[in-house]
Amino acid sequence: MKEHTLQAKSKIVEEIKEKIESSQSMILVDYRGLDVAELTELRKQYREAGVDYKVYKNTMMRFAFKDLGLEEFNEFLKGPSAVAFGLDDPVAAAKVTSEFAKKNDKLEIKAGIVDGKIIDVNGVKSLADLPSKEVLVAQVLAGMNAPVQGFANVLQGTIRGLAIVLNAIAEEKAA
């Protein structure tokens, strides 16, 4: 019986480590005080944003953080904790969590991890204020397109000017 329990716990620790390593961001929250309807809504918003939300025992998370060299994150593991893993977009978990916490003060943001770096509550809120990955890519592409478009306009203006001059010369010779 004891061996079985130990294997089950080590499986959970491995699952946590795998999720931390495969996600782009991780947000730790205290969900105390949220009722079933509010938790269901939060889970729905996470799912729609491509965020994986799980509740783990703090002791299991401590083992995983220790194995990953993130022991300093253990200070945030007080009270009930749930984790939101941003799998594809590093901003998504922070954005959903921050927006939900604004509307529902029972959800408390504890801390987060982005690219292996621990961030505090203010860091999570700053991350939530960043535009999404798609918006950032669109902004970069627009920035790259502007000089090309400007160059095309200059060339078009030069060609237009040449056409006007050639037309004026043709009209002068015809006269």
Checklist line | Residues of region 42-91 that turn out to be within 19 Å of the chain's Cα centre (by Cα) and either part of a loop (DSSP other than H, G, I, E, B) or more than 18 Å from residue 119 (Cβ to Cβ) (or both), as a count | finding: 17
Notebook entry, point to check: Cβ-Cβ below 7 Å, separation at least six or inter-chain, first residue in region 64-82 and on the phi > 0 side of the Ramachandran plot, second of a type outside the set (Phe, Trp, Tyr): which pairs?
Noted result: 79/30; 79/32
Notebook entry, point to check: Looking at (1) closer than 17 Å to residue 80 by Cβ; (2) loosely packed, with under 13 Cβ neighbours inside 10 Å; (3) without any contact (Cβ under 8 Å) to a residue 24 or more places away in the chain, which is the one condition that is false for residue 58?
Noted result: (2)
Notebook entry, point to check: Would region 66-83 turn up any residue that is surrounded by 15 or more Cβ atoms within 10 Å (Cβ to Cβ), out of contact with any His (no Cβ under 7 Å at 6 or more places or on another chain) and among the charged types (D, E, K, R)?
Noted result: no
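Based on this model, can you work out whether residue 98 counts as within 30 Å of residue 135 (Cβ to Cβ), touching a Pro at 6+ places or on another chain (Cβ under 8 Å) and either crowded, with 17+ Cβ neighbours inside 10 Å or touching a residue at least 12 places away in the same chain (Cβ under 8 Å) (or both)?
Here the answer is no, as residue 98 does not meet what is asked.
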Next item on the list: Report yes if residue 91 is surrounded by 18 or more Cβ atoms within 10 Å (Cβ to Cβ) and touching a Pro at 6+ places or on another chain (Cβ under 8 Å), otherwise no.
Entry: yes
Notebook entry, point to check: For residue 13, all conditions in the list (1) surrounded by 14 or more Cβ atoms within 10 Å (Cβ to Cβ); (2) touching a Leu at 6+ places or on another chain (Cβ under 9 Å) hold save one; what is the number of the exception?
Noted result: (2)
Next item on the list: State which residue pairs qualify: first residue over 21 Å from residue 24 (Cβ atoms) and inside region 101-123, second residue hydroxyl-bearing (Ser, Thr, Tyr) in any location, beta carbons under 6 Å apart, and separation of 6 or more residues or different chains.
Entry: none
Notebook entry, point to check: For the subset of region 124-141 comprising residues that are of a type in the set (A, V, I, L, M) and closer than 14 Å to residue 25 by Cα, which member is modelled with the highest pLDDT?
Noted result: 124
Next item on the list: Would you check if there is a residue in region 101-123 being more than 17 Å from the chain's Cα centre (by Cα) and part of a strand (DSSP E or B)?
Entry: yes
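The values are calculated or read from the model by the stated rules, or taken from the named source; none is laboratory data. Fair warning: this is a prediction, and the values are worked out from it, not measured in the lab. Cβ sites come from the backbone with ideal geometry, for glycine too, and all protein chains shown count toward neighbours.
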